[in-house]
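Data block below; observations after.
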Amino acid sequence: MKRRLLQPEILIEALPYIREFTGKPFVVKLGGSTLLDEAQCTRIAGDIALLKLVGIQLVVVHGGGKHINEMLQRLGIQNEFKNGLRVTNEETMRIVEMVLSGRSNKDIVTLINRYGGKALGISGKDGPLIRALPYTDANGGTYGQVGIIESVAGDVIEHLLTGGFIPVISPVAYGEGGRSYNLNADHAASRIAQAICAKKLIYLSDIPGVLRDPRDPGTLISELGALEAEALIADGTISGGMLPKIQSIVECLRHGVEKVHIISGLEPHALLLEIFTNGGIGTEFHAAL
């Protein structure tokens, strides 16, 4: 009974946020373990469909690295990483594209459509939406068909949003001569958010947000400005696998996206809690604090 009494209060708390966000474009990036558990994926898909039904213009970008690792292992293809990037030769690229634009993408589309969300799955090659160049590191090294984004055609996404669809985008890009490129999904989500002037970019991952001490969930930082985030990078608080994600967030904020969030997709209904409640649950970033 107590829970039922609380429900009207939750709806009233959500009302001003629904009013503010109706008609606004949001980008949601799915990654980490959120893509591995069917129950979690199903719950997230329902939340995405609900956000669409209350009028938010949603774009979903997803990763799928763990599914790729699983498929490569099954096929007996060696997995090679350099500086945290998957070395992607032609054979590996075929598997990457098959998993990302096939299995992962269509699984997400199917789940969202089960809730009436009208999702439509594409890759960065469709349109073409995302054009890429070969990635080159600071020492001039390349990683096969790993790409760096050259441009994003925001009008492709806007046409789909106008048609009432939820675009679900896999991070595979189009390069010179039709060559496919494997992209960092966090960076793809950031550039897509910039291209459509998104009001929010939300990273759903298997981490609760930015922690001052990675070993202590109690050190969650609930709010960060872009300058503060850069300072945490400089002093080493943010490092390793979090580094490219936070760099993409800072870039996003510098190019007009109002707010970016990192939240745990392992938390039930994390999207709804972060968007529609006063407290939120993860780390919220904005351009100035």
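Observations on the model:
- Test set (1) surrounded by 13 or more Cβ atoms within 10 Å (Cβ to Cβ); (2) in contact (Cβ under 8 Å) with a residue 12 or more places away in the chain - G23 fails condition number: (1)
- The residues on offer are A193, A188, A198, and the sole one that is among the aliphatic types (A, V, I, L, M), in contact (Cβ under 8 Å) with a residue 24 or more places away in the chain, assigned to a helix (DSSP H, G or I) and in contact with a Pro (Cβ under 6 Å, 6 or more places away or on another chain) is A188.
- Residue count for segment 40-79 under the criterion of being among the charged types (D, E, K, R) and either in contact with a Gly (Cβ under 6 Å, 6 or more places away or on another chain) or closer than 18 Å to K200 by Cα (or both): the result is 2.
- Taking the criterion of being within 18 Å of the chain's Cα centre (by Cα) and outside any strand (DSSP E or B), the residues of segment 123-155 that qualify are G124, K125, L129, A153, G154.
- Any chance V168 is among the hydrophobic types (A, V, I, L, M, F, W, C), under 28 Å from R43 (Cβ atoms) and outside any helix (DSSP H, G or I): yes
- The set of residues in segment 214-256 that are in a loop (DSSP other than H, G, I, E, B) and of a type in the set (S, T, Y) comprises S222, T237, S239.
- Residue in segment 80-99 that is under 22 Å from D206 (Cβ atoms) and touching a Leu at 6+ places or on another chain (Cβ under 7 Å) present: no
- Scan of segment 249-289 for residues that are at pLDDT 85 or above, of a type in the set (S, T, Y) and surrounded by fewer than 23 Cβ atoms within 10 Å (Cβ to Cβ), ordered by number: S264
- Every test in (1) modelled with pLDDT under 95; (2) in a strand (DSSP E or B) is passed by G116 save one, and that test is (2).
The values are calculated or read from the model by the stated rules, or taken from the named source; none is laboratory data. Bear in mind the structure is a predicted one, so any value in this text is a computation, not a measurement. Neighbour counts are summed over all protein chains in view; Cβ atoms, including those assigned to glycine, are modelled from backbone coordinates with ideal geometry.
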